[in-house]
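> First, the structure itself, so that you have it in front of you.
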Amino acid sequence: MLLWVPWALLALLLPTLLAPGEARHGGGLPAQNSSRPALLRLSDHLLADYKKGVRPVRDWRKPTTVSIDVIVYAILNVDEKNQVLTTYIWYRQFWTDEFLQWNPEDFDNITKLSIPTDSIWVPDILINEFVDVGKSPYIPYVYVRHDGEVQNYKPLQVVTACSLDIYNFPFDVQNCSLTFTSWLHTIQDINISLLRLPETVKSDRSVFMNQGEWELLGVLTQFQEFSIESSHHYAEMKFYVVIRRRPLFYAVSLLLPSIFLMVMDIVGFYLPPDSGERVSFKITLLLGYSVFLIIVSDTLPATAIGTPLIGKTLSWGRARCGRGTGPPLPLPPVCVPHSHPAPGCTGVYFIVCMALLVISLAETILIVRLVHKQDLQRPVPAWLRHLVLERIALLLCLGEQSASRRPPATSQAAKMDDCSDMGNHCSHWAGPQDLEKTPRGRGSPPPPPREASLAMRGLLQELTSIRHFLEKRDESREVARDWLRVGSLLDRLLFRIYLLAVLAYSVTLVTLWSIWQYS
């Protein structure tokens, strides 16, 4: 009869001994510690035997899938010289921790709990392009759901290296990548997926600060698996941030002053070519343009591999992705430039404008040299007279120029006639010896006195000298007029050629700028 007493006592004490263990390992009844808050009991329950140094899976063969998402908040800085892009993003990553699960009914229906980030396992996912730590705020907590899903939300100031292409400044489009990958774990341990659909990520500008110099065209995504060694494969997720510069400020501060100076240079051709004011005017324009380039040199971006160009042709690109071996990413129509651009034309734009000003000045110097009056100026050569006063005048529809000029033979013939007349006239005034030898008729008057004859000879010599001086002056004036006509025709021809070159260059640039702006 006494044998059942120990068994009865054991049956009464056994539930009391097993209750704490069940509460610690199986969730227990909340009635055992009903006096403590549910959040404290849940936190103690989850972190009591938690080991944050071990990947939280019950089967080590199962990889931990981390879903990530990126929302671009602002473009803080684009450093073309150092090839660095600074952005501010909202970063989210979700993963399942199999050791952080509970039954909400046992803990006052709590389905979500915030716990310290330092107390749990966190995947070692970072950005490959990081070049600086930045000034990101520290978020010490993460959310954990009852099914084990961990939600890690944190803002990041990302300072990354980016190959910036400024050849078509200020109409440039930049494409910079943010590559998220696990630095240590292979794809067998940590896999990466996209939290949202790629189309949603691409068109999401809900929080982007769109008041700065850059506008966000889209965020493209691509997943790929790469390998460093044949036995080690890694997963990575790329986010391509495609941004475009707003060109209005640079067009007003850089392009318009240059255009105004070029217009003034064209207007300077209407100054008379035989005046020295045109040369000084164009030298002043060239000096002003040089000072303008010195001022804007600090505004133009510069890199170690080139200067800003405006003549680069955009084309649809295909971007190679990081260090992987996966297929290239087909980019949508957002005008992403190639990584190795061909030469094009803002640095070349200013250089061409200055070259046109120099050509204009050289043309002005040539024309002024042709029309400059000199005492010993040679007559216009026959070939140049034929080429300019006939062919070029006909080409420019200025036939009256050749018709209005006097042929050089006319003056020579007039000189010969005058000389013959002078000779006949002078023959009547012979010398004293001739007067003495000349027989006089019966009714002829007596010869003039000898002194009057000498005075008349001196007067005739003076008149002859004056005549020769006037003839030489008229001849030099005729030569100067011929050179002036040649210079005027050449000036008109070179002005039209210069004007056509400026118009063709302007139309080309406007066309390219329109394509870059609206493509």
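> Please specify each residue of region 334-365 satisfying the condition of being at pLDDT below 85, in a helix (DSSP H, G or I) and either open to solvent by less than 20 Å² (accessible area, probe 1.4 Å) or of a type in the set (S, T, N, Q) (or both).
If the condition is that a residue be at pLDDT below 85, in a helix (DSSP H, G or I) and either open to solvent by less than 20 Å² (accessible area, probe 1.4 Å) or of a type in the set (S, T, N, Q) (or both), then 347, 349, 350 are the ones that fit.
Each row is one residue, and each column tells you yes or no for (1) part of a loop (DSSP other than H, G, I, E, B); (2) among the hydrophobic types (A, V, I, L, M, F, W, C); (3) touching a helix residue (DSSP H, G or I) at 6+ places or on another chain (Cβ under 7 Å).
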position: 137; (1), (2), (3): yes, no, no
position: 158; (1), (2), (3): no, yes, no
position: 163; (1), (2), (3): yes, no, no
position: 178; (1), (2), (3): no, yes, no
position: 186; (1), (2), (3): yes, no, no
position: 191; (1), (2), (3): no, no, no
position: 201; (1), (2), (3): no, yes, no
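> Checking the condition open to solvent by 70 Å² or more (accessible area, probe 1.4 Å), at pLDDT 80 or above, hydrophobic (A, V, I, L, M, F, W, C) and under 30 Å from residue 256 (Cβ atoms), which residue from 500, 494 passes?
500
> While we're looking at this one, here's another question. What pairs come out if I take residues in region 170-182 that are under 18 Å from residue 87 (Cα atoms) and open to solvent by 10 Å² or more (accessible area, probe 1.4 Å) and pair them with residues that are basic (Lys, Arg) and assigned to a strand (DSSP E or B) whose C-beta lies under 6 Å away, six or more apart or interchain?
177/238
> Residue 129 fails exactly one of the following numbered conditions: (1) open to solvent by less than 70 Å² (accessible area, probe 1.4 Å); (2) among the acidic types (Asp, Glu); (3) over 27 Å from the mean Cα position of the chain (by Cα). What is the number of that condition?
For residue 129, the failing item is (3).
> Okay, next question. Mind checking which residues of region 208-234 are in a loop (DSSP other than H, G, I, E, B) and at pLDDT 90 or above?
Scanning region 208-234 gives a single hit, 208.
> Just for region 467-491: of the residues that are crowded, with 18+ Cβ neighbours inside 10 Å and among the charged types (D, E, K, R), which one is farthest from residue 259 (Cα to Cα)?
482
> Right, another one. Pull out all pairs, ordered by first then second residue, where Cβ-Cβ is under 7 Å, the residues are six or more apart or on different chains, the first lies in region 474-501 and is within 11 Å of residue 371 (Cα to Cα), and the second is among the basic types (Lys, Arg).
480/373; 482/405; 485/405
> Filter region 82-138 down to the residues that are of a type in the set (D, E, K, R), in contact with a Pro (Cβ under 8 Å, 6 or more places away or on another chain) and under 24 Å from residue 194 (Cα atoms) and list them by number.
Of region 82-138, the ones of a type in the set (D, E, K, R) are 92, 97-98, 105-106, 108, 112, 118, 124, 129, 132, 135.
Then keep just the ones that are in contact with a Pro (Cβ under 8 Å, 6 or more places away or on another chain); that gives 97-98, 106, 108, 118.
Answer for region 82-138, where residues must be of a type in the set (D, E, K, R), in contact with a Pro (Cβ under 8 Å, 6 or more places away or on another chain) and under 24 Å from residue 194 (Cα atoms): 97, 98.
> Are there any pairs, at least 6 apart or on different chains, whose C-beta atoms fall under 7 Å, with the first in region 63-82 and among the aromatic types (Phe, Trp, Tyr) and the second outside any strand (DSSP E or B) and open to solvent by 30 Å² or more (accessible area, probe 1.4 Å), and if so, which?
Pairs that qualify, where the first residue is among the aromatic types (Phe, Trp, Tyr) and the partner is outside any strand (DSSP E or B) and open to solvent by 30 Å² or more (accessible area, probe 1.4 Å), are 73/207; 73/209.
The values are calculated or read from the model by the stated rules, or taken from the named source; none is laboratory data. Keep in mind that what you see is a predicted model, and the values were worked out from it rather than measured. For neighbour counting, all protein chains shown are included, and Cβ atoms are generated from backbone atoms with ideal geometry for every residue, glycine included. Each accessible area value is taken on the protein alone, full model and side chains, heavy atoms only, with ligands, DNA and RNA left out. Shrake-Rupley method; radii C 1.70, N 1.55, O 1.52, S 1.80 Å.
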